[in-house]
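Working notes, structure below.
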Amino acid sequence: MDRDPSEEDGVDLSFEAESPLAPPDELLERLPSYDRLLQEAGRQIFFPPLEAPGRPHEQRCWASFLEHSRVPAVTEEVAREALRSFVSSKCCYGSGAAGDLIIQELRQQTVCRYRLETFSESRISEWTFQPYTNHSVDGPQRGTSPRLWDIDVQVPPMFQEDTRKFQVPHSSLVKECHKCHGRGRYKCSGCHGAGMVRCSSCSGARRKAKQPRRCQMCSGSGRRRCSTCSGRGSKTCTTCKGEKKLLHFIQLVIMWKNSLFEFVSEHHLNCPGELLAKAKGANLFKDENTMVYPVVDFPLREISLASQRGIAEHSAALASRARVLQQRQTIELIPLTEVHYWYQGKTYVYYIYGTDHRVYVVDYPEQYCCGCSIL
């Protein structure tokens, strides 16, 4: 009877599938107690300390803002050149209409876009592990782990999202690998620890059917070396990399997120709102601070209401799970022009929006295929 190669040094190895992928909860000590602790799906989320409110809102003279932020009107020449530029960027749009059209009317309107950005930081902790390679262990014997919000880290530039992970000081401990039970290897599932498998060429019969010669693939033995474990009968544990022990520690995960709220004021032209939300505008007002206050008394009441709604939504969403680092609110003026033109006996419409004169075409008269987007 063949010896089981997996029974190395008298140790009976188990199959990989019989061991858990993660350590059992009772294997690890509980995390230190922190204020206002919430446990969710194996992770522990720590609420930030309360921050003092920012400065109160200030009265602003919107008439002065509006007077110094007027957007130049679109002329017929600008409207014609914007369409020519747009058509030249489309492979299946003819340039004849853009050159020969007769502009009949320009309907112009200025739209206001309110935007609120809230840059926040949230922190969660979780147990993680890595193979233990006999290096020094920063465990509780070296001191008490700091509270998660007391750990100083370099904050990325404001309003730039990022995620970083750090090892919490004095939280490490060494445990036997839960996957291989400290053996460093586990029994190969391909050969069940035997190191050899049945020959696939002769199906273990030592010679192929209706052939007198012995099987050349297995040299007539009916068995071949297992390709999964190279004949060893066992494989190195992928969890501990054969080190037999794991270093467990608390990992701090910090997420910086930029939450965005946008609102575009009502307009009476048929240009899609999603285009105006992305359009380039002229800056009318900018307010940036640790905490901003709602815009009040703006000439368009819907902008003031949007500011109140956006700040309230961000406050409700972030108050219990993140610390607000910075807020920024802006009001931009977006020019919008509806161009009515005549070409070959028919009337058509296109729109020019944004300070960079982007074009949205409703129904261009010279389209040769449907392969291009009209946005």
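The values are calculated or read from the model by the stated rules, or taken from the named source; none is laboratory data. Nothing here was measured: the structure is a model prediction, and the numbers come from that model. Every residue, glycine as well, gets a Cβ built from its backbone with ideal geometry; the counts of neighbours run over all protein chains shown. What goes into the accessible areas is simple: the full protein's heavy atoms, side chains included, and nothing from ligands, DNA or RNA. Shrake-Rupley method; radii C 1.70, N 1.55, O 1.52, S 1.80 Å.
Ranked from the most accessible area to the least, with a 1.4 Å probe and all protein chains present, what is the order of S122, S219?
On the way: S122 20, S219 75 Å².
Order by accessible area, largest first: S219, S122.
How long are the three semi-axes of the equivalent ellipsoid of the stretch 241-375, in whole Å, if each is the root of 5 times an eigenvalue of the C-alpha gyration tensor, listed from largest down? Write down the numbers at each step before the final one.
On the way: eigenvalues 383, 140, 23 Å².
With the √(5λ) rule applied to the stretch 241-375, the semi-axes are 44, 26, 11 Å.
Solvent-accessible area of D100, probe 1.4 Å, all protein chains present, reported in Å² to the nearest ten, please.
Accessible surface of D100 is approximately 100 Å².
Apply the Debye scattering formula to the stretch 315-372, with a single equal point scatterer on each alpha-carbon and no solvent, then give log10 I(q)/I(0) at q = 0.15, 0.20, 0.22 Å⁻¹.
Log10 of I(q)/I(0), two decimals: -0.66, -0.86, -0.96.
Using a simple spin-label model with points 7 Å from Cα along the Cα→Cβ vector, what separation in nm is obtained for T238 and V153?
Label-label distance for T238 and V153, simple model: 2.8 nm.
Of K257/K278; K175/K235; K175/K257; K187/K245, which ones are farther than 29 Å apart at the Cα?
Long pairs (Cα-Cα over 29 Å): K175/K257.
If you roll a 1.4 Å probe over the stretch 91-191 with all protein chains in place, what percent of the accessible area is carbon or sulfur? Write out the running numbers ahead of the final one.
Numbers: 2090 of 4910 Å².
That fraction is 43 percent.
What base-10 log of the normalised intensity I(q)/I(0) is obtained for the stretch 79-187 from the Debye formula, alpha carbons as equal point scatterers, at q = 0.19 Å⁻¹?
Per q value, in the given order, log10 I(q)/I(0) is -1.09.
Using R₀ = 56 Å, calculate the FRET efficiency as 1/(1 + (r/R₀)^6) where r is the Cβ-Cβ separation of E266 and T163; round to 0.05.
Numbers: r = 38 Å, r/R0 = 0.68.
The computed FRET efficiency comes out at 0.90.
Provide the net charge surrounding S95, with neighbours chosen by a C-beta distance below 14 Å and charges set as Lys +1, Arg +1, Asp -1, Glu -1.
Values: positive: R80, R84, K90; negative: E81, D100, E366.
Counting the neighbours of S95, the net charge comes to 0.
Can you give me the % of accessible surface on the stretch 272-348 that is carbon or sulfur? Probe 1.4 Å, all protein chains present, nothing else counted.
Working: 1830 of 3550 Å².
Solvent-exposed carbon and sulfur of the stretch 272-348 make up 51 percent of the total.
Return the distance in nm (one decimal) between the two label points of a simple spin-label model at W342 and C91, each offset 7 Å from Cα along Cα→Cβ.
Inter-label distance under the simple model: 3.6 nm.
How far apart, in nm, are the 7 Å Cα→Cβ label points at D363 and Q109?
Here the modelled spin labels are 2.1 nm apart.
Report the local net charge at K244: Lys and Arg +1, Asp and Glu -1, summed over other residues whose C-beta lies under 10 Å from its C-beta. Write down the numbers at each step before the final one.
Working: positive: R183, R185, K241, K245; negative: E176, E243.
Local net charge: +2.
Using a/c under 1.5 as the rounded threshold, could you call the stretch 94-251 rounded, prolate or oblate? The axes a ≥ b ≥ c are square roots of the C-alpha gyration tensor eigenvalues, and prolate needs a/b larger than b/c, oblate otherwise.
On the way: a/c = 6.47, a/b = 1.44, b/c = 4.50.
Taking the square roots of the gyration eigenvalues as a ≥ b ≥ c, the stretch 94-251 is oblate.
Stretched out fully, how many nm does the piece from M291 to R225 gain, at 0.36 nm a residue minus the Cα gap? Let's see the in-between values first.
On the way: separation 66, 0.36 × 66 = 23.76 nm, distance 6.84 nm.
Residue separation times 0.36 nm, minus the Cα-Cα distance, leaves 16.9 nm.
Roll a 1.4 Å probe over the protein heavy atoms and report the accessible area of R164 in Å², nearest 10.
70 Å²
Projected onto the charge dipole of the stretch 291-375 (+1 at Lys/Arg Cβ, -1 at Asp/Glu Cβ, origin at the Cα centre), which of V295, L333, V362 gives the Cα projection farthest towards the positive end?
V295
Accessible area per residue for the stretch 150-285 in Å², computed with a 1.4 Å probe and the full protein assembly in place, what is it?
57 Å²
Can you give me the Cα centroid spacing of the stretch 181-220 and the stretch 112-153 in angstrom?
Cα centroid of the stretch 181-220 versus Cα centroid of the stretch 112-153: 50 Å apart.
For M255, what accessible surface area do you get with a 1.4 Å probe? Give it in Å², rounded to 10.
M255 exposes around 70 Å² with every protein chain in place.
Taking the alpha-carbon distance from K346 and a cut-off under 30 Å, which lysines remain once sequence neighbours fewer than 8 residues away in the same chain are dropped?
By straight Cα distance, K346 reaches K90.
What is the sum of charges around K346, taking Lys and Arg as +1, Asp and Glu as -1, for the other residues whose C-beta is under 14 Å from the C-beta of K346?
Working: positive: none; negative: D100, D363, E366.
Net local charge, K346 excluded: -3.
Keeping all protein chains in place and using 1.4 angstrom, which order do K179, K280 fall into by accessible surface area, from largest down? Each step should come with its number before you reach the end.
Numbers: K179 10, K280 125 Å².
The ordering from most to least exposed comes out as K280, K179.
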